[in-house]
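Enquirer: One structure coming up, written as structure tokens, with questions to follow.
The values are calculated or read from the model by the stated rules, or taken from the named source; none is laboratory data. These numbers were taken from a predicted model, which means no experiment stands behind them. All Cβ positions, glycine included, derive from the backbone under ideal geometry; neighbour counts span all protein chains shown.
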Amino acid sequence: MEEKILVIGSTGQVGTELVKALRKRLGMRNVIGADVHNPKPSASEGPFIYMDILNKILLDHVIKERKITQVYALAAMQQCRIFSYCDPCALN
């Protein structure tokens with residue numbers, strides 16, 4: 001059976017590199033990127049699905065329709081904020 005891989009969170013730092021490596025190894029059409037952000041132009045080659053992993057109906061549909069054999073779930077909520085430097089001693 002031919003491997004069909006879905007990489008959820010494919011536009012993030014790790015996802016972008018994983019998709020590139022898997023496509024090089026398994027072929028462009030066997031690795032599908034998925035994310036809620038559009039891919040960067042340098043990573044936009046190959047199949048991509050704009051989807052939210054929280055949409056279980058769409059996720060189930062994609063897995064069945066595309067005959068996915070593996071799923072890499074790299075999606076994360078972006079919670080990081082950029083803080084300016086502050087002196088922790090000054091907080092008291």
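Enquirer: With respect to Ile53, determine if the residue is among the β-branched types (Val, Ile, Thr), surrounded by 11 or more Cβ atoms within 10 Å (Cβ to Cβ) and modelled with pLDDT under 90. Break it down into steps so the answer makes sense when it comes.
Expert: Working: among the β-branched types (Val, Ile, Thr): yes; surrounded by 11 or more Cβ atoms within 10 Å (Cβ to Cβ): yes; modelled with pLDDT under 90: yes.
Judged against the criteria, Ile53 is a match.
Enquirer: Could I ask something else about it? Of all residues in segment 36-56, which are in contact with a helix residue (DSSP H, G or I) (Cβ under 8 Å, 6 or more places away or on another chain) and either part of a loop (DSSP other than H, G, I, E, B) or more than 16 Å from Ile68 (Cα to Cα) (or both)? Walk me through how you get there before you give the answer.
Expert: Going residue by residue through segment 36-56, those that are in contact with a helix residue (DSSP H, G or I) (Cβ under 8 Å, 6 or more places away or on another chain) are 39-40, 43, 45-47, 49, 51-53.
Correct list: Pro39, Lys40, Ala43, Glu45, Gly46, Pro47, Met51, Asp52, Ile53.
Enquirer: Ok, one more. Report, by residue number, each residue of segment 1-45 that is in contact (Cβ under 8 Å) with a residue 60 or more places away in the chain and among the aliphatic types (A, V, I, L, M).
Expert: If the condition is that a residue be in contact (Cβ under 8 Å) with a residue 60 or more places away in the chain and among the aliphatic types (A, V, I, L, M), then Met1, Ile5, Leu6, Val7, Ile8, Val14 are the ones that fit.
Enquirer: With respect to Thr11, determine if the residue is hydroxyl-bearing (Ser, Thr, Tyr), in a helix (DSSP H, G or I) and at pLDDT 90 or above.
Expert: Values: hydroxyl-bearing (Ser, Thr, Tyr): yes; in a helix (DSSP H, G or I): no; at pLDDT 90 or above: yes.
No, not satisfied.
Enquirer: Report, by residue number, each residue of segment 14-29 that is touching a Leu at 6+ places or on another chain (Cβ under 8 Å) and either closer than 19 Å to Ile68 by Cα or part of a strand (DSSP E or B) (or both).
Expert: To start, the set of residues in segment 14-29 that are touching a Leu at 6+ places or on another chain (Cβ under 8 Å) comprises 14-15, 18.
Across segment 14-29, the qualifying residues are Gly15, Leu18.
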